[in-house]
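For reference, the structure discussed in these notes is given below.
The values are calculated or read from the model by the stated rules, or taken from the named source; none is laboratory data. Just so you know, these numbers come straight off a predicted model, no measurement behind them. Neighbour counts run over all protein chains shown; Cβ positions are idealised from the backbone, glycine included. What goes into the accessible areas is simple: the full protein's heavy atoms, side chains included, and nothing from ligands, DNA or RNA. Shrake-Rupley method; radii C 1.70, N 1.55, O 1.52, S 1.80 Å.
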Amino acid sequence: MKITAIALITIALLLITAGCTQPSGTTGKTTTTAPLKELRIGYQPSTHQMAEITAMEKGWFRQDLAPLGVENISDKVFPSGPPEMQAMLAGELDIAYVGAAPVLTALATGLDAKIIAGVNTQGSDLVVKNDLDYKGPQSLKGMTIATFPVGSIQDTVLRDWLKKNNLTPDKDVFIKGMSPGDAVTAITAGKVDAIFLPTPSPSTVVNQGKGKIAVHSGEMYPNHTCCVLVASGKMIREHPDIVRQIIKTNDKAVLWNQQNLDEAAAIYSAKTGAKLEDVTSSLKEWDGNWASDPNIIVDPVLDYAKIQYDLGYIKKPLSKDDIFDLTFYTKN
């Protein structure tokens, strides 16, 4: 049977139509990313990360991300960075406010994520018992210091500072990894000689009359990076508009906090359960600074990577491209 010209034309049109309407999810080029309806944020109870708490409690994340299709936003608190990064490795977080050092450990073990912005610099204190006559690093010899677990910013900065002052960690000075609550309890009970923690924990100990601030972290490592903003690789690849807006919302919260410190402290206290007196005290005495520009923290974070490699915390060197995605941050 002969196929007429009209029939051939009809078949061709059907094939073309089928190709143009190929459903998403196939091997064609018309695939689309499903909208992100739920965003999961990790954070820690430190004044370093007050912007996250303010933006969450005032509803700014929900308000700013709703036009981009995000319907539900949840946040989860972690005692320190290492367990927070374990949760991100397990796929439980999309965004994390976290110390830069734990990020490096996670990246070195396969975390698909990048630092997209800074959060703060400096802002931790070495607090010693009142009866300890601190006259410099050497006066800590034989003492026990409680700080965040191995691989955290505080652990990394403390160990590096001790080594630079000719003290061998865990030999000359003993370091115990603890959550902030456990560390505060330990020094107030006389179980350790000192703590090295981010604000507001140092003020909690001082206000209880159980210790005194001996050294600010900025004296140990001037202008050191502390907390950063991390986005999962999936967020970066599939939802860049949401990543960009998260940074803008964070910056809005930082500016509001700076202009409304008392109210910001009250919001933080209500969210975390910290005493308001301790929060306000910490904001007056800390040497920290809320800073978003990731370009200014590249060198310190690369230095952390070298320190962690030298300490044996990570088994391979990490490059700038391994750690950062600097394309999302823009100065307002």
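Once the C-beta distance of K176 and L68 is scaled by a Förster radius of 41 Å, the resulting FRET efficiency is 0.40 to the nearest 0.05. Per-peptide packing, taken as the mean over residues of other Cβ atoms within 10 Å, places 143-150, 64-71 in the sequence 143-150, 64-71 from highest down.
Look at where the Cα atoms of segment 98-113 and of segment 292-309 average out, and the two centres are 12 Å apart. Between R237 and T144, the simple spin-label model (points 7 angstrom out along Cα→Cβ) gives 4.7 nm. Compared with the direct C-alpha span, the chain from K163 to R244 gains 25.2 nm at full extension, assuming 0.36 nm per residue.
Among beta bridges from DSSP that stay inside the chain, the antiparallel ones total about 55%.
Modelled label positions at E38 and E285, each set 7 Å beyond Cα in the direction of Cβ, lie 4.2 nm from each other. Placing +1 on the Cβ of every Lys and Arg and -1 on the Cβ of every Asp and Glu, with nothing else charged, gives segment 199-262 a dipole about its Cα centre of roughly 120 debye.
Computed with a 1.4 Å probe over protein heavy atoms only, the accessible surface of segment 183-230 comes to 31 Å² per residue.
Nothing charged except the Cβ atoms of Lys and Arg (+1) and of Asp and Glu (-1): what's the magnitude of the dipole of the chain about its Cα centre? Round to the nearest 20 debye.
The dipole magnitude comes to about 660 debye.
To the nearest 20 Debye, how big is the dipole of segment 258-317 about its Cα centre, given +1 on the beta carbon of each Lys and Arg and -1 on that of each Asp and Glu? With only Lys, Arg, Asp and Glu charged at Cβ, the dipole is about 380 debye.
Spacing of the modelled spin labels on E92 and L132, each 7 Å from Cα toward Cβ, amounts to 3.2 nm.
Test of understanding: what is the full-extension gain from I296 to K320, defined as 0.36 nm times their sequence separation minus their Cα-Cα distance?
7.4 nm
Leaving out ligands, DNA and RNA, what percent of the accessible area of the chain is carbon and sulfur, probe 1.4 Å? In the chain, the share of accessible area belonging to carbon and sulfur is 53 percent. Projecting the Cα positions of I267, V127, I297 onto the charge dipole of the chain (unit charges on Cβ atoms of Lys, Arg, Asp and Glu, taken about the Cα centre) puts I297 furthest along the positive direction.
Heavy atoms of the protein chains alone define the surface here; on that basis segment 235-290 has 48 Å² accessible area per residue at 1.4 Å probe size.
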